[in-house]
Structure formats: C-alpha cells, structure tokens
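Taking it in order: structure first as structure tokens, then the write-up.
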Amino acid sequence: MEIIIQPGAEAATSIAARIVARLLREKPDAVLGLATGSTPLLLYRELIAMKLDWRKVTTFNLDEYVGLPQAHPQSYHSFMWENLFRHVNITKKNVHIPDGNTKDIPNICAKYEKQIKGAGGIDLQVLGIGTDGHIGFNEPTSSLASRTRIKTLTQRTRQDNARFFGSEDKVPHHVITMGIGTIMEARQNLLLAFGNTKARAIAEAVEGPITSTNPASILQMHPVTKLCLDEPAASQLKRSDYYRWVYSNKPDWQKY
Ligand code: F6R
C-alpha cells in the first residue's frame with residue numbers, strides 16, 4: 001500500500017486526479033471503476049476541469065441501491081450522470097452501473113462480472129471507505145473472496161447515508177455491490193478518504209490485521225493500491241511520518 005498524506009482534501013484529490021488523468025492519457029480506452037458518495041465529488045470536478053478524452057473509456061460503478069428508480073436523485077445512476085458523465089464526452093454504452101431495479105438480482109450480478117471480464121478487467125478502481133471500513137458496499141464480515149451480489153446495509157451505513165436522503169428510514173436496506181474479490185482484481189486501486197470520521201477505519205485498514213471485519217484491510221494484499229488521505233483521515237496512523245518521508249522522497253515519475 002502506498003499512503004499519500006496531504007494537508008487537505010483538495011491536495012489529496014489533486015494527486016488522485018493526476019493518477020487517473022495519466023492513465024486516460026496513456027490508455028485512451030482504459031476501464032475505470034468508479035465510486036459514489038461525498039468523497040469522489042472533488043475528484044470528478046477536477047477530472048471534468050482537465051478536459052480529458054473519455055470517448056473510448058469504459059466505466060463500471062461499484063454499486064447501486066436496490067429498488068430506487070434510476071431517476072431518483074439519490075440513485076447512483078443519477079449521481080454519476082449529474083456529477084461526472086454529463087460533463088465529459090463519455091460514450092453512453094460504455095457506462096455500466098448495476099441495475100438495482102431488476103427482478104433477477106443474481107442474474108444481473110453474474111452478468112456484471114462477465115461484462116467486467118469482457119471489457120478486459122478494470123485498470124483502475126476508485127474507492128471511498130465507510131466509517132466501518134467497507135469498500136463498495138462490502139460491509140464488515142463480507143467474504144474477502146466475494147463477487148458482485150446483493151448486500152444488506154448495516155445500521156451504521158444507513159445512518160451515515162441518511163444525510164443524502166433527509167432521513168434514515170428513506171435509505172434503502174439493500175444494494176448491489178461489486179465483491180471484494182472483484183475489487184481485488186482491478187489492476188490498480190485508488191482509495192480516497194477525508195475527515196476524522198474515517199481515521200479509525202483507515203488506521204485499521206493500513207496498520208491492522210487483514211480481516212473481514214475491516215474489508216478495506218484486504219487491500220494490503222493488493223499489489224498496486226494507493227491511498228490519498230487528508231490529515232484528519234490519516235490522524236490515527238502510527239507510522240504517518242514514515243509514509244510522508246517515503247512519498248516526499250519518491251522520484252517524480254512515481255508520484256502520480
Ligand atoms: C460508494 C461506495 C461506498 C462509499 C463509502 C464512503 O460507491 O462504494 O463505499 O465510498 O460509503 O462514502 P462517503 O464518500 O459518502 O463518505
């Protein structure tokens with residue numbers, strides 16, 4: 001794991017944006033895995049401002065709520081079109097987001113896995129992290145080998161996401177999410193985390209044991225995973241001086 005600690009979310013996002021932009025410039029038909037939520041908003045804003053060419057890019061989103069109409073303002077379909085896709089020249093048929101309204105969830109999940117494989121696998125997966133350590137919506141004790149499937153959100157995640165819905169009872173109970181095994185097959189993972197509510201999950205994921213009770217900890221087993229953190233999210237890391245030292249001594253070509 002490469003831990004990149006920056007003073008604020010803007011600086012951390014700007015490094016993440018340079019990593020994504022480099023991939024899209026070097027591989028115009030790259031396959032990107034994308035996340036939703038508050039964390040990647042700045043990243044998407046920055047990528048839009050970079051005016052990259054998205055025409056040949058293929059995307060796969062991590063997850064979607066079950067049972068929310070696609071047009072619902074809080075569906076991840078709406079989120080992605082509103083915050084990224086409608087601002088770039090992406091080709092609509094290259095966008096993939098799990099269908100949370102399907103009558104046949106197992107079938108849609110198996111198809112999603114096939115589509116990812118068919119596209120050649122994910123080159124770079126953008127990740128946020130839940131306050132409980134979830135990645136995608138793989139809640140604590142999810143199988144570390146899991147594939148795309150339905151999951152039940154924990155009470156904590158529903159409370160965390162109530163801010164988007166106005167109240168907790170409006171947050172759906174179920175989601176379709178890529179599995180941890182699916183995420184681990186991405187060639188590169190780029191996890192962003194901001195704010196002190198994420199500090200504990202980050203410290204456990206980076207410096208704790210690999211355990212399904214903190215699903216992000218499996219990223220310790222991934223060969224190319226970068227974490228872009230602001231100071232508050234990094235505040236419980238015991239070796240933060242070491243991570244800062246390593247990053248500041250990297251050759252420039254390795255930094256982005
Ligand atoms: C969203 C996702 C989740 C979020 C996590 C953090 O697609 O997969 O894992 O990244 O819940 O959410 P925010 O960024 O809102 O704190």
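The values are calculated or read from the model by the stated rules, or taken from the named source; none is laboratory data. All of these numbers come straight from a predicted model, not from anything done at the bench. Glycine gets a Cβ as well: all are built from the backbone with ideal geometry, and neighbour counts include every protein chain shown. Only protein heavy atoms, including side chains, enter the accessible area calculation; ligands, DNA and RNA are left aside. Shrake-Rupley method; radii C 1.70, N 1.55, O 1.52, S 1.80 Å.
Based on the mean of other beta carbon atoms within 10 Å per residue, what is the order of 51-63, 243-255, most packed first?
Descending packing order for the listed peptides: 51-63, 243-255.
Partner lysines whose Cα lies under 26 Å from the Cα of LYS103, excluding those fewer than 8 positions away in the same chain, are identified as LYS92, LYS93, LYS111, LYS114, LYS117, LYS151, LYS170.
With helices as the sole contributors, the chain gives -10000 deg cm²/dmol at 222 nm; each DSSP H run of n ≥ 4 counts as -39500 (n - 2.57), and the sum is divided by every residue.
For the chain, set up a GNM with springs between Cα atoms under 10 Å and report which of LEU124, LEU84, LEU34 has the largest fluctuation. Most flexible of the set in this elastic network: LEU84.
Think of a 1.4 Å ball rolled over the protein heavy atoms: the range 157-199 then has 39 Å² of accessible area per residue. Secondary structure note: in the chain, about 30% of the DSSP beta bridges are antiparallel.
Descending by average beta-carbon neighbour count within 10 Å, the peptides 177-190, 105-118, 139-152 line up as 177-190, 139-152, 105-118, the highest first. In this Cβ point-charge picture (+1 for Lys and Arg, -1 for Asp and Glu), the range 49-146 has a dipole of about 560 debye about its Cα centre. Run the accessible area of the range 1-67 with a 1.4 Å probe and give the carbon-and-sulfur part as a rounded percent. Looking at the range 1-67 in its full context, I get 50 percent from C and S. Between GLY166, GLY121, GLY130, the residue with the greatest mean-square fluctuation in the GNM of the chain (Cα pairs under 10 Å linked by springs) is GLY166.
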